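Asks: Pasting a structure below so you can have a look.
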Amino acid sequence: MAEREQRRERRDREEAAPEFADRLVAINRVSKTVKGGKRFGFAALVVVGDQKGRVGFGKGKAKEVPEAIRKATEQAKRSMVRIPLREGRTLHHDMEGSHGAGHVVMRTAVPGTGIIAGGPMRAVFEMLGIQDVVSKSLGSTNPYNMIRATMDGLSRQQSPRSVAQRRGKKVADILRKPEDATAEAAEA
């Protein structure tokens, strides 16, 4: 009985969860030649996020465009990951990501910079809630590879809190400026 109530509460929480924003990145028409002619299908690539640090992407295929988009959106919601952001607006550190021939470089930026990114990368950053970032896509311009490369780089993002916790130190020790360390060394 208690298990059923827990399931019901979990379902209610999921329904009350904040609505996600989604962005259609690419739609592709594919055809299959059959005896009577051609059969057309559609493939959709969608990025979904809550614009507060969670993002996911998905792809869907169907005979009709709306159905392909729906399938892609459902898959994206299932594959969401949390990315730590600095001050809720930019990345903690510069990073690179790659997938196949796609290679991307992402750098932190000062307030007011905006999102300097192209196509699929811009969609990921907007759905993630990043406001200031500078990025460059090198290699493949295939949207699937660009999104996977971006997600690969973002998955390597580490917050100072997680690094400090892993190393058994305080956040202040991790974030200490290099000139502070040289001043301490000179005093000792």
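Asks: Are any residues in region 96-105 surrounded by fewer than 20 Cβ atoms within 10 Å (Cβ to Cβ) and under 21 Å from Val134 (Cα atoms), and if so, which ones?
Replies: The answer is Glu96, Ser98, Ala101, His103, Val105.
Asks: Filter region 1-27 down to the residues that are in a loop (DSSP other than H, G, I, E, B) and closer than 18 Å to Gly56 by Cα, then identify the one that is modelled with the lowest pLDDT.
Replies: Ala17
Asks: In region 109-156, how many residues are surrounded by fewer than 16 Cβ atoms within 10 Å (Cβ to Cβ) and of a type in the set (Gly, Ala, Ser)?
Replies: 6
Asks: Name, by its number, the condition in (1) within 18 Å of Gly56 (Cβ to Cβ); (2) assigned to a loop (DSSP other than H, G, I, E, B) that does not hold for Glu74.
Replies: Glu74 satisfies all of (1) within 18 Å of Gly56 (Cβ to Cβ); (2) assigned to a loop (DSSP other than H, G, I, E, B) except (2).
Asks: Here is a further query. Find the residue count for region 47-82, including only residues that are touching a residue at least 60 places away in the same chain (Cβ under 8 Å) and buried (at least 20 other Cβ atoms within 10 Å of the Cβ).
Replies: Of the residues in that region, 5 qualify.
Asks: I need a count of the residues in region 67-81 that are over 16 Å from Phe42 (Cβ atoms) and of a type in the set (A, V, I, L, M, F, W, C).
Replies: 3
The values are calculated or read from the model by the stated rules, or taken from the named source; none is laboratory data. All figures in this text were calculated on a predicted structure; none of them were measured in a lab. FYI the Cβ positions are ideal-geometry reconstructions off the backbone, even for glycines, and counts take in every protein chain you see.
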